[in-house]
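Working notes, structure below.
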Amino acid sequence: MHELGVVFYVIKDVNKIAQENQIKKVHSVTLEIGEVSTVIPALLEDCWKWAIKREPVMEAAKLLVETIPAITYCEDCGEKYSTVQYAKICPRCNSERTYLLQGNEFNIKEIMVEDE
């Protein structure tokens, strides 16, 4: 389960940003997670709840997750299609000359802070 490592990475970055901006309390953190990124949101949430209890700046912060759909592009016919639904084979021309356009991302999108 690499979700715990991912959570520690996010907490480290959020703590750094909070310190640089003299933020006392983080209300929520919004992550963008690609549909095929291998990060499992439910496990991420469990790890988050456990890990933030040890972080004074984030001890009550909510984790919000936005999913980025996985989209694949076919080099032969130019079709863009759902990676999860059709995998590597283009549904239009059956080509395997395809590549992932989006859906493997993992980004910290937004950090909301509490008003003092």
Within region 69-81, the residues that are open to solvent by 40 Å² or more (accessible area, probe 1.4 Å) and either in contact with a Pro (Cβ under 9 Å, 6 or more places away or on another chain) or closer than 13 Å to Leu101 by Cβ (or both) are Pro69, Ile71, Tyr73, Glu75, Glu79, Lys80
Consider region 39-65. How many of its residues are under 10 Å from the mean Cα position of the chain (by Cα) and more than 14 Å from Val10 (Cβ to Cβ)? 1
In this structure, does Pro41 turn out to be open to solvent by 30 Å² or more (accessible area, probe 1.4 Å), modelled with pLDDT of 95 or more and not acidic (Asp, Glu)? no
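The values are calculated or read from the model by the stated rules, or taken from the named source; none is laboratory data. These numbers come from a predicted model, not from an experiment. A quick note on method: Cβ atoms are made from the backbone with ideal geometry, for glycine too, and the neighbour counts reach across all protein chains shown. Accessible surface is based on the protein model in full, side chains and every heavy atom, while ligands, DNA and RNA are left aside. Shrake-Rupley method; radii C 1.70, N 1.55, O 1.52, S 1.80 Å.
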